[in-house]
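Heads up: the structure comes next, in structure tokens.
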Amino acid sequence: MPPMIDEILKLKEEATVAAGRLNSADEAETFRLKYLSRKGLVAQLFERLKDVPKEEKPQLGKSLNELRKSLETEFESAKSRIEGQSKVREEVPDLSLPGRKRYVGKMHPLTQTAAEIKRIFTGIGFGIADGPEIEDDYHNFEALNFPPDHPARDMQDTFFVSDDSGKFVLRTHTSGVQIRVMENNKPPIRVIMPGRCYRNEAISARAYCMFHQVEGLYVDKNVSLAELKGTISYFAKELFGSEVKTRFRPSFFPFTEPSAEVDIGCIFCGGKGCRLCKYAGWLEIMGCGMVDPNVFKFVRYDPAEVSGFAFGMGIERIAMLKYSIDDIRLFFENDIRFLNQF
Amino acid sequence: MKISRKWLEQLVDLNGIPDQEIASRLTMLGIEVESYENFSEKYKGFVVGHVLESSRHPNADRLHLCRVDIGGDVKDIVCGAPNVGAGQKVPVGLVGALVPHNQHDPDGNGFELTRAKIRGIESNGMICSAFELGLGDDKSGIMVFDNDAPTGEPLAKYLGLDDTVFEISLTPNRSDCLSHLGVAREIASAFSRKLSAKRPRFHETGDPIAAKVEVAAQDLCPRYSARVVKGIKVGHSPRWLKDALEKAGMRSINNVVDATNYVMLELGQPLHAFDLNLLSKQTIVVRRPNPNETTFTTLDGKERRIAPDMLMICDKEKIVAIAGVMGGMNSEISDGTVDVLIESANFLSTSIRRTAKRLGLSTEASYRFERGVDPDITLTALDRVAGIIEETAGGQVTKGTIDITASKFAAKRIDLHVDQVNRLLGTRLASGEIKRILDSIEIRSEKKSETVLVCSVPTFRVDIEREVDLIEEVARVYGYEKIEEARQTKLVFDTRFDKSDLVDEIRLFLAGAGFNEIVTNSLQPVHVASEESGRYVPVANPISEDMAAMRTSLLPGALSAVSLNLSHGIKDMKLFEAGRVYALSEKKELVGNYSERSPISLVITGFADPVSYDRQLHQYDLFDLKTEIERVLKRLQLDNWDFISYDSSRIYNQSLKLTLNGMDVGVAGRVGDKLLEKFSISQHLFFAELDLLQITSVNTQTKKFRSLPKFPFASIDLSFIVDSNVPVGNMTSSVKGVAGKMFRDISIFDLYTGKGIPEGQKSVAFNVVLGSDDRTLNDEDVAEFINEAETQLGREYSATLRRQKNR
Ligand SMILES: [Zn+2]
């Protein structure tokens, strides 16, 4: 039998290591029962103290007391460590829970599209102007070179305001703002004019009684059709991507001469032809042209002195192309399931 | 307008030019081809069949078993049509053919024919109805052709449809292309082909023309030409004539009327045929109606009200036609007509347009006259129609024509400056090139000087009047695609026009605050628009009663949007709209007496936040709406607003008026149940409309920096016990007043009634922040403030200070 002092040292070493490995309350209890309980290993050693020779008793007794104290300390610190651990574990939340929801608002797709158009044109020096939606015949038609009793007026189904004079209309285009801007400002002029317009058409997936337009006007010395083409094709590339092709083909508007319709290469089929472009490979996006000299005469600009271009596009049309929307009525129903998609 | 390739081929050489090429070149010349259809392609696999036998299907009463000769081969075909019978000549689709329309498909979509077993018997094709072939609406039975239809002939050929029809959409200026001749001219220019110069062939016989024409209203009728054909026999038109008209979308009537329509479609000149013997004294008088002539019965049997300034075609006694619009019953060509007078006239376009508009009657003739017809083609058209009538209705063309003109119709002469062309187009075209371009569209030009061309515009181009019109022609024919794009290089230094939009900023702000933007119709029913104000703007010609007035408020549109979303089960909503409202103003406005405002509306309804795992759900209330409004106002750097309760029980249950510097700038409230009911909304809804323009006009000063506070603020909590009915808003103002210059901020951090507070009273707890620009506030300052606040609120509201704390 080894001397008792060796046993004490061995037990101390063994128990200290064991205490360091304690990981749960259960394990700690087992430890306590094994070493520190009334029948535990430490108690058993004390029991044997009565059998040792008298002269060794004080020394061994001291060692045993130190052992008990040391193990108790180890045990206590292990216990608080374990408790601490479990406490920390309780405080860690379930990180897989989602964040608390909040409403996310959106600007209407038409406003987003208008903002995009405004961004592109203000970026190349266009200002923004505004005008009335209830307009007089003069600004909506006459000064734009739509003579009374001219078939060009049939191009636009007009709503009239109930009024004895019969000369007030819900504007059929934003072009009247061109006249107002030129009446009130000397050239050079470079503005875009966004706004709401009305057409007296049967409501369908393709047409609504109101729509929004962005009108553009640039008047200065020597403004040419070549510049109009450059400006519009830049716009189309900015809006639809730098690869998009533009095509200008002759058309007719009373307030521009020459006039053009602008098509972009079909963004759905890449120009090969599909249902959406009616198998033509092209999609119409706007009308434009060189300001007709008659219009200049109405606003007292000298057509020999200045020239200009004007263009106008439907925001709905652009948004429908950009987002592949197939029914114009969706814009005005305000179904949140629709609005949240943009 | 429908243009037939075969017809064009009689006018211009199209040899070797594919349809696709014609369509795209015309489109690029401004003659937009919307679509085109090649009928030989469409009817590939369809032939004329001869039904040899027809017997009942053994397994189905309604079906027939037919043996059909398709030319050299006999097919067994099961047919369900009730009218099928042996001996008939019928259209047969063979296996592989594409049937244009399916009678049993609700959308009428087509399908490919396959070999099929029908009730146990194999069918190798299909006998078709007019509907299935896209040749009419008749679904009741199969088409049956004349007995002489050649068995086995391709269907398109038999129907005269071995042709391509181009659907052309013309802008109002290009009236010259409302005819095959006009389109042929464009093609001749595009492909450098020559127009064929065939002259109409006919024989003049017998006595010189005896009929007379008197033009009394020459201001409205620059030219009136006429011919007479005698001894004709009115009857059916020959196949070629019927087919040509049908392809162009017109119905065949009789050989005389068809001939006039044919010439109109070919040359663009509207013609009218009168029964000469129904014209009193065989005389035409072109005049305005007499005062006693107020009605006239047109060809379509309708009695029309006529006005004194409309132009009439009359005989010596009565009106026989409304000039340029429609003829009358009283001189119509009938089966008994023997002698005809053909009118080939030119009328003033504005007069015809006014008349057609007022009568609500648009015809092929009026459509062309409104847009302008070549005044120099009347005689050519008469010769052409005379030739066709002679061929199809027999008779003798009387010698000579009547031709009454106001003036000579010579080519217009316009100077074209080469530098103007290049200035406007941004090109560098030489005068020789411009001349060549104009030549190709029959505009001849001579050099007046090195830089000026004198151009002669042919009479058929009624749209070209000015130099700029010629420049457009140069651009169009030269090709827009060939004009180089120029990038704008000039910078602008222009401060007159805004570049940014405050409304857009507020939109972004509100979207960031969780609001969805809506865009609603500005047209409403009158009863809705008048709900808010009697001074609404009515629409004279609304699409429907639902859209007969301009909106006076953004509320109804918002309620419709909420209602729609509720119907989809979405109950919690934050919406806003920035749009205009319209009103009749008492004073003169920019346009008439119509005023337009641009408010912003806010709508909240349902739960203030979406459902979440540990969140107390809170139903929106009026204070949430105030929160949102106040946030917008703060965003706009405003601070001295006020909410004042006011009664507007027609629309709101509880409502507030927003004022700014004493100006009314908005309303907010809980929308009344009665109004909500109309929109099927059964939950509380809070709505505000803010006049953004007025609000922003208050804050026009630019933002200025104020130096940051140098001395710490004092924060004091004060709670008062006061009668329950004392408005906290008033107490707040009083506390602010007491703080005076030291005031920095105030919040209400507790409101309490119940245990510990006497019945009928409440506890209101304020946190007040005080400060000074030049020193740190000391205990005395704070104590003095508390004292004064206690005295002031005690005096004004009998409030007692319950607790105070210096934070
Ligand atoms: Zn496509």
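Counting every C-alpha pair in region B:502-698, the share spaced more than 28 angstrom apart comes to 25%. Computed with a 1.4 Å probe over protein heavy atoms only, the accessible area of B:ASP498 comes to about 100 Å². To the nearest ten degrees, helix B:349-359 and the longest principal axis of the Cα atoms of chain B are 70 degrees apart. Any idea what angle helix A:175-184 forms with the longest principal axis of chain A, computed on alpha-carbon atoms, 0 to 90 degrees, nearest 10? Value to nearest ten degrees: 80.
The charge dipole of chain B, taken about its Cα centre with unit charges on the Cβ of Lys, Arg, Asp and Glu (plus for the first two, minus for the last two), comes to roughly 1000 debye. The residues neighbouring B:ASP494, those whose beta-carbon lies less than 12 Å from its own, together hold a net charge of +3 under the Lys/Arg +1, Asp/Glu -1 convention. In units of the rule-of-thumb radius 2.2 N^0.38 Å, chain A shows an alpha carbon radius of gyration of 2.16. Net length available on complete extension from B:GLU433 to B:ARG803 is 123.5 nm, with 0.36 nm assigned per residue and the Cα-Cα distance removed. In this simple spin-label model, placing a label point 7 Å from the Cα along the Cα-to-Cβ direction at both B:ASP137 and A:ARG206 gives a separation of 2.1 nm. Counting only Cα atoms, the size of region B:632-775 along its three principal axes is 61, 50, 22 Å, in decreasing order. Taking all C-alpha pairs of region A:201-266, those more than 20 Å from each other amount to 44 percent.
With r defined as the distance between the Cβ atoms of B:LYS408 and B:GLU442 and R0 fixed at 25 Å, what FRET efficiency is calculated, to the nearest 0.05? Using R0 = 25 Å, I get an efficiency of 0.85. Summary value for region A:109-339: 21 percent relative contact order, contacts being C-alpha pairs under 8 angstrom separated by 6+ residues. Projecting label points 7 angstrom from Cα along Cα→Cβ for B:ASN102 and B:ASP673 puts them 5.4 nm apart. Largest accessible area first, the listed residues B:PHE743, A:PHE248 line up as B:PHE743, A:PHE248 when surface is computed with a 1.4 Å probe on the assembled protein chains.
Interface of B with A. Using a 1.4 Å probe and counting protein heavy atoms only, the two chains hide about 8200 Å² of accessible surface, both sides summed. Quick one: what do you get for chain B if you divide its Cα Rg by 2.2 N^0.38 Å? Output field value: 1.46.
Only four residue types carry charge here, +1 at the Cβ of Lys and Arg and -1 at the Cβ of Asp and Glu. Report the dipole size of region B:502-698 about the Cα centre in Debye, rounded to the nearest 20. Intermediate values should be presented prior to the final figure.
Values: 19 positive and 26 negative charges, 31 e Å.
Around 140 debye, computed over region B:502-698.
Other protein chain C-beta atoms within 10 Å of residue C-beta, averaged over B:491-500: 6. Per residue, the convex hull spanned by the Cα atoms of region B:714-806 measures out at 79 cubic angstrom. For region B:460-594, the percent of C-alpha pairs falling in each 5 Å distance bin, counted from 0 to the bin holding the largest distance, reads 2, 8, 10, 10, 11, 10, 9, 8, 11, 10, 7, 3, 1, 0. Inverting the pair-averaged 1/r between distinct Cα atoms of region B:428-468 gives 10.7 Å as its Kirkwood hydrodynamic radius. Using only Cα atoms, what Kirkwood radius does region B:646-722 have, in angstroms? For region B:646-722, the Kirkwood estimate is 16.5 Å. Counting only heavy atoms of the protein chains and using a 1.4 Å probe, B:MET329 has close to 90 Å² of accessible surface. Note on A:199-211: average number of Cβ atoms from other chains within 10 Å of each residue's Cβ is 2. Positive end of the charge dipole of the protein assembly as shown (Lys, Arg +1 and Asp, Glu -1 on Cβ, about the Cα centre): tell me which of B:GLY432, B:SER612, B:LEU660 has its Cα farthest that way. Value computed over the given set: B:SER612. Scaled to the globular estimate 2.2 N^0.38 Å, the Cα spread of region B:412-482, given as radius of gyration, is 0.97.
Here the scattering of region A:3-91 is modelled by Debye summation over its C-alpha atoms, one equal scatterer each and no solvent; at q = 0.16, 0.18, 0.25 Å⁻¹ the log10 of I(q)/I(0) is -0.63, -0.75, -1.20. In plain terms, the C-alpha convex hull of region B:504-546 casts an average shadow of 4.5 nm² when viewed from every direction. How much net charge surrounds B:TYR158 when only other residues with a Cβ under 15 Å from its Cβ are counted (Lys, Arg +1; Asp, Glu -1)? With Lys, Arg at +1 and Asp, Glu at -1, the net is 0. Largest GNM mean-square fluctuation across A:GLU72, A:GLU284, A:GLU116, computed for chain A with C-alpha springs under 10 Å, falls on A:GLU72. How tilted is helix B:19-28 with respect to the longest principal axis of chain B? Cα atoms for both, answer in degrees (0 to 90, nearest 10). With both axes taken from Cα atoms, the answer is about 50 degrees. Note on the protein assembly as shown: semi-axes of the ellipsoid equivalent to its C-alpha gyration tensor, largest first and rounded to whole Å, are 83, 44, 31. Restricting everything to alpha-carbon atoms, can you work out Rg to Rh for region B:204-405 with a Kirkwood hydrodynamic radius? Result: Rg/Rh = 0.93.
For region B:1-160, the mean projected area of the C-alpha convex hull, equal to one quarter of the hull surface, is 11.3 nm². Over all other residues within a Cβ to Cβ distance under 10 Å of A:GLU116, the charged ones net out to +2, with Lys and Arg as +1 and Asp and Glu as -1.
Each Cα pair under 8 Å and six or more residues apart adds its sequence gap; the mean of these over the residue count of region A:3-91 is a relative contact order of 39 percent.
Heavy atoms only, 1.4 Å probe, whole protein assembly: order A:MET155, A:MET210 by accessible area, highest first.
The ranking, largest first, comes out as A:MET155, A:MET210.
Each distinct pair of alpha carbons in region A:208-333 adds a 1/r term; the inverse of their mean, the Kirkwood radius, is 15.6 Å. Modelled spin labels at B:GLU545 and B:ASP148, positioned 7 Å past Cα toward Cβ, are 6.0 nm from each other.
Applying the criteria of a DSSP loop state and at most 14 other Cβ atoms within 10 Å to the GluC sites (Glu not before Pro) of region B:539-590 yields B:GLU586. Shielding by partners for peptide A:331-341, expressed as the average number of C-beta atoms from other protein chains within 10 Å of each residue's C-beta, is 6.
The share of alpha-carbon pairs in region A:114-214 lying farther apart than 22 Å comes to 35%. Pairs of Cα atoms nearer than 8 Å and 6+ residues apart set the relative contact order; for chain B it is 8 percent. Between A:ARG102, A:ARG329, A:ARG32, which gets the highest mean-square fluctuation from a Gaussian network model of chain A, Cα cutoff 10 Å? In this elastic network of chain A, the residue with the biggest mean-square fluctuation among A:ARG102, A:ARG329, A:ARG32 is A:ARG32.
The values are calculated or read from the model by the stated rules, or taken from the named source; none is laboratory data. On a predicted model such as this, the values are computed, not experimentally measured, just so you know. Every residue, glycine among them, receives a Cβ derived from its backbone with ideal geometry; neighbour counts consider all protein chains shown. Areas reflect the complete protein model, heavy atoms only, side chains present, ligands, DNA and RNA absent. Shrake-Rupley method; radii C 1.70, N 1.55, O 1.52, S 1.80 Å.
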